[in-house]
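K.L.:
Attaching a single structure in structure tokens format; questions to follow.
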Amino acid sequence: MIEAMEQKKLSQKKTVSFITLGCKVNQYDSDAMRTLFVRNGYSPAEGDDADVYVINTCSVTSVGDRKSRQMVRRIRREHPDAIIAVAGCYAQLAPEVFEKMGDVDVIVGHQNRTHIVEYVEKARTAEQPLNEVVDIMKVKDFENMEVDPEGEVKTRAFIKVQEGCDNYCTFCIIPYARGKLKSRKQEDAVSEIRKLVARGYREVVLTGIHLGNYGKDLHDGTSLSSLVAELVKIPELLRIRLGSIESVELSEELIRIIQNEPKVCRHLHLPIQSGSDSVLKGMNRHYRLAKYKALITELRDKIPGLALTTDLIVGFPGETEENFKETLETLKEIRFSGIHVFPYSQRTGTPAATYPDQVSNELKKERVHRVQELEKGIAKDYRDQFLGKVVHVLAEEVKNGWYEGLTDEYIRVTIRSEGVERGIMYPVRITAITEEGMVGEVVTA
């Protein structure tokens with residue numbers, strides 16, 4: 001009788017909640033694991049209370065580590081009877097941290113996530129935390145998962161097609177967390193995207209840790225160009241957007257596709273990381289400024305109207321005020337439409353963590369602020385050019401009573417027109433420029 005009651009109690013615990021820290025790749029991984037739970041009889045928790053919590057952790061900075069630990073403690077404090085599973089980069093790098101905390105039931109890094117539901121069920125009767133983390137450096141194949149949209153279908157989907165990185169920049173912990181370069185089979189990616197388009201998605205964003213090298217490990221001719229060329233054939237897919245790509249991995253074929261295929265967004269995110277050659281050398285970046293700038297000139301010549309955004313790290317060990325001023329001058333010269341700037345984070349296990357001349361946190365914060373102020377003006381100047389012009393906006397969601405969406409150039413636009421519907425691409429005349437985006441009205445025939 002007691003056993004039957006216990007079994008009934010267990011069978012009722014069928015709600016799951018996901019908390020995702022970090023990048024868009026992590027977000028995709030969470031969505032894919034959520035799909036696994038739903039396929040196994042779970043429902044996404046609608047409120048604050050769930051039977052299972054999956055925390056997809058981040059370790060790109062020490063702040064990510066701290067937030068991951070804090071989230072585990074908060075969930076355990078607020079939901080003492082729940083099953084807590086951790087996945088992601090921090091779980092992969094430091095599973096022993098979560099074992100010692102005593103608050104976690106399941107630890108899985110970046111492999112065997114396809115078994116996470118099985119691990120959670122096993123954890124219900126286990127006396128110790130289940131540590132299912134494996135040596136990621138020995139993993140050679142992409143772990144294929146896919147997302148089933150449940151509930152309200154959105155318009156834009158992030159699709160992971162690549163995992164791992166072989167670059168080993170001296171500041172970066174990610175190659176140690178996600179392992180070697182691993183590419184998804186092209187047919188698997190195309191199949192998932194076709195299903196999402198059939199459900200109402202109209203834009204896909206291709207993501208990966210080392211996206212520009214997609215396909216190189218498959219040795220069958222697969223490349224980012226071949227994947228994009230296949231996706232443009234899907235009739236109801238209106239837009240294909242590329243995630244972050246290293247400048248040295250941008251092929252001539254991919255440039256040609258962006259030139260000639262209207263479905264492919266005229267927007268590239270090319271991390272520069274520093275505007276000083278001496279800093280780039282210390283970072284083990286595989287280019288120097290002259291080559292990077294030459295590529296930017298070539299791209300702007302070949303693809304008129306191309307939007308360029310970037311990532312930047314300030315306060316790298318040994319970065320002098322002169323080096324930083326070089327970076328500021330480089331940013332003024334290139335004039336990116338958007339800059340994601342980060343203070344350097346000292347990550348144990350990376351070469352740069354042991355470098356001399358570590359920059360103080362105060363100076364790093366000051367340099368972040370100076371870049372942000374510069375970027376704010378340059379980005380506003382970039383948006384100003386669209387005033388009075390017509391852009392194409394894919395309507396995504398309602399905010400403050402009006403639909404919003406993105407342009408090809410990755411600028412958010414508020415559409416102040418009646419009758420707008422989600423998932424439709426509208427010609428919009430820009431009537432105002434704001435601090436964060438633009439405002440416009442649908443152009444009618």
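Read-outs: derived from the displayed coordinates by stated rules, not from any lab. Quick caveat: nothing in here was measured; it's all calculated off a predicted structure. Every residue, glycine among them, receives a Cβ derived from its backbone with ideal geometry; neighbour counts consider all protein chains shown.
K.L.:
Going by the alpha-carbon gyration tensor, a ≥ b ≥ c the square roots of its eigenvalues, is region 218-283 rounded (a/c under 1.5) or, if a/c is not under 1.5, prolate (a/b greater than b/c) versus oblate? Provide the component values of the computation, followed by the final result.
P.N.:
Numbers: a/c = 3.03, a/b = 1.93, b/c = 1.57.
It is prolate, given that a/c is not under 1.5 and a/b is the larger ratio.
K.L.:
Next question. If each DSSP helix of 4+ residues adds -39,500 (n - 2.57) and the sum is divided by the residues in the chain, what number results at 222 nm, nearest 500 deg cm²/dmol?
P.N.:
-11000 deg cm²/dmol
K.L.:
Then there is this: Helix 186-198: angle to the longest alpha-carbon principal axis of the chain, degrees 0 to 90, nearest 10?
P.N.:
90
K.L.:
If you don't mind, another one. Give the percent of DSSP beta bridges with both residues in the chain that are antiparallel, rounded to the nearest 5.
P.N.:
Numbers: 21 of 61 bridges.
Beta bridges within the chain, antiparallel portion: roughly 35 percent.
K.L.:
Projected onto the charge dipole of the chain (+1 at Lys/Arg Cβ, -1 at Asp/Glu Cβ, origin at the Cα centre), which of Gly405, Val52, Ile19 gives the Cα projection farthest towards the positive end?
P.N.:
Working it through, the farthest residue towards the positive pole turns out to be Gly405.
K.L.:
Oh, and also: Which shape class applies to region 391-445: rounded if a/c is under 1.5, otherwise prolate when a/b exceeds b/c and oblate if not, where a ≥ b ≥ c are the square roots of the Cα gyration tensor eigenvalues? Kindly include the intermediate steps, with their values, before the conclusion.
P.N.:
Details: a/c = 1.28, a/b = 1.18, b/c = 1.09.
The shape class here is rounded.
K.L.:
So how strong a dipole does region 136-265 carry about its Cα centre when Lys and Arg Cβ are +1 and Asp and Glu Cβ are -1, to the nearest 20 debye?
P.N.:
Dipole size: approximately 180 debye.
K.L.:
Using the basic label-point model (7 angstrom from Cα toward the beta carbon), what is the Asn260 to Lys281 distance in nanometres?
P.N.:
4.1
K.L.:
Please give the Cα centre distance for region 418-445 versus region 303-355, rounded to the nearest Å.
P.N.:
One Cα centre to the other: 33 Å.
K.L.:
Roughly what angle does helix 289-302 make with the longest principal axis of the chain, taking Cα atoms, 0 to 90 degrees, to the nearest 10?
P.N.:
On a 0 to 90 degree scale, this one is about 70.
K.L.:
What angle do you read, to the nearest 10 degrees and between 0 and 90, between the alpha-carbon axis of helix 321-334 and the longest principal axis of the chain?
P.N.:
Roughly 70 degrees between the two axes.
K.L.:
Going by a 4.7 Å Cβ-Cβ cut-off, which cysteines of the chain have no partner at all?
P.N.:
Cys with no partner Cβ under 4.7 Å: Cys23, Cys58, Cys89, Cys165, Cys265.
K.L.:
Here is a follow-up. Could you give the size of the charge dipole of region 390-442 about its Cα centre, using +1 on the Cβ of each K and R and -1 on the Cβ of each D and E, expressed in debye and rounded to the nearest 20?
P.N.:
100
K.L.:
Give a quick list of trypsin sites (Lys or Arg not before Pro) in region 226-302 that DSSP marks as loop, anything other than H, G, I, E or B, with at most 14 other Cβ atoms within 10 Å.
P.N.:
Here the trypsin sites (Lys or Arg not before Pro) that fit, given the DSSP loop and packing criteria, are Lys233, Arg288.
K.L.:
Could you calculate the FRET efficiency of Lys325 with Gln358 from 1/(1 + (r/R0)^6), where r is the beta carbon distance between them and R0 is 22 Å, rounded to 0.05?
P.N.:
It comes out at approximately 0.65.
K.L.:
Give the long-range amide H neighbours of Lys160: residues separated by 5 or more places, or on another chain, with amide H under 5 Å away, using H modelled in the peptide plane at 1.01 Å from N.
P.N.:
Placed amide hydrogens put Thr207 under 5 Å from Lys160.
K.L.:
Which of these, Val63, Val228, Val314, has the largest mean-square fluctuation under a Gaussian network model of the chain (Cα springs below 10 Å)?
P.N.:
Val63
K.L.:
Of the options Val38, Val190, Ile334, report the single residue whose Cα projects farthest towards the positive end of the charge dipole of the chain (beta-carbon charges: Lys, Arg +1; Asp, Glu -1).
P.N.:
Comparing the listed Cα positions along the dipole, Ile334 ranks first.
K.L.:
Still on this structure, I have one more. Classify region 11-134 as rounded, prolate or oblate from the Cα gyration tensor: take a ≥ b ≥ c as the square roots of its eigenvalues, call it rounded if a/c is under 1.5, otherwise prolate when a/b beats b/c and oblate if not.
P.N.:
rounded
K.L.:
Sequence gap at least 6, Cα distance under 8 Å: using those rules, report the relative contact order of the chain to the nearest whole percent.
P.N.:
Working: 836 pairs, mean separation 42.6, N = 445.
RCO, the chain: 10 percent.
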